Amino acid sequence: MSSDTYEKSLYDRIGGREALDKVHKIFYDKIYAHPWIGQYFKEIQQDIIEVQQSDFMSQVMGGPAIYCGKLPIAAHKHMFINLELFELRSKLLQESIREAGIKSEEEQAWLKIDQAFKKGIVKSSTSDCQLRFKTDEIINFSDPDKKAS
């Protein structure tokens with residue numbers, strides 16, 4: 001059988017690890033610079049989260065399975081992430097994918113994977129959050145661009 005018989009993985013179609021790293025550098029530059037969503041990352045080194053995200057996406061896109069961290073739902077259970085914040089993150093990811101030069105078909109496939117985690121990450125109130133450890137705190141930041149009413 002020829003190699004054309006088998007469909008290439010999304011990982012291969014986007015350009016492999018090099019493309020993942022490029023997108024995640026652009027993405028996390030946007031995340032860390034953002035006045036609201038950036039607050040959630042202030043205790044995490046950017047280069048570390050970029051590598052973890054590339055490792056995770058490599059695995060879910062059919063590339064090398066090297067990710068050894070927590071799955072998204074467990075990693076975010078102590079964070080109050082509402083729909084607006086999730087959609088902001090999705091918008092920044094889409095911009096980053098486009099800026100990295102990923103083709104439209106692959107962009108849509110990538111965003112579909114990303115959206116699959118929405119139900120487990122988005123919460124309607126802080127009471128939906130769970131502590132990971134007894135010493136944990138619920139992480140919840142307000143949008144600094146919105147005036148308190």
Taking a label point 7 Å from the Cα of GLU7 along Cα-to-Cβ, the residues of segment 92-130 whose backbone nitrogen sits under 16 Å from it are 105-113
At ASP128 and PHE41, where each label point lies 7 Å from the Cα along Cα→Cβ, what is the point-to-point distance in nanometres?
2.3 nm
For segment 80-149: relative contact order, % (alpha-carbon pairs under 8 angstrom, 6 or more apart)
48 percent
Paramagnetic reach from ALA109 in segment 10-36 [backbone N under 15 Å; point 7 Å along Cα→Cβ]:
10-17, 19-20
Can you give me the long-range amide H partners of MET79? Hydrogens built in the peptide plane at 1.01 Å from N, cutoff under 5 Å, separation of 5 or more residues or another chain.
GLN130, ILE139
Pull up all non-local amide H partners of GLY63: gap of 5 or more, or a different chain, and H-to-H distance under 5 Å with H placed in the peptide plane.
TYR11
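Given R₀ = 22 Å, what would the calculated FRET efficiency be for GLU18 paired with SER90, taking r from the Cβ atoms and rounding to 0.05?
The pair GLU18/SER90 has a calculated efficiency of 0.45.
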Assigning unit charges at the beta carbon (Lys, Arg +1; Asp, Glu -1) and nothing else, what dipole magnitude in debye, to the nearest 20, does segment 15-128 show about its Cα centre?
300 debye
If I take every Cα pair under 8 Å that is 6 or more residues apart in the chain, average their sequence separation and divide by the length, what percent do I get for the relative contact order?
32 percent
What list do you get for SER54, SER9, SER125 if you sort them by fewest beta carbons within 10 Å?
SER125, SER9, SER54
Determine which lysines satisfy two conditions relative to LYS112: a Cα distance under 27 Å, and not lying fewer than 8 residues away in the same chain.
LYS8, LYS22, LYS25, LYS30, LYS70, LYS77, LYS91, LYS103, LYS123
Determine the calculated [θ] at 222 nm for the chain from helices alone, applying -39500 (n - 2.57) to every DSSP H run no shorter than 4 residues and normalising by the residue count; nearest 500 deg cm²/dmol.
-15500 deg cm²/dmol
Chain lengthening between SER142 and GLU99 when straightened (0.36 nm per residue, less Cα-Cα):
12.7 nm
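We did not get these values from a lab; they are worked out from the coordinates using the rules stated. What you see is a predicted model, and the numbers here were worked out from it, not measured in a lab. Positions of Cβ are generated from backbone atoms using ideal geometry, with glycine treated the same way; all protein chains shown enter the neighbour counts.
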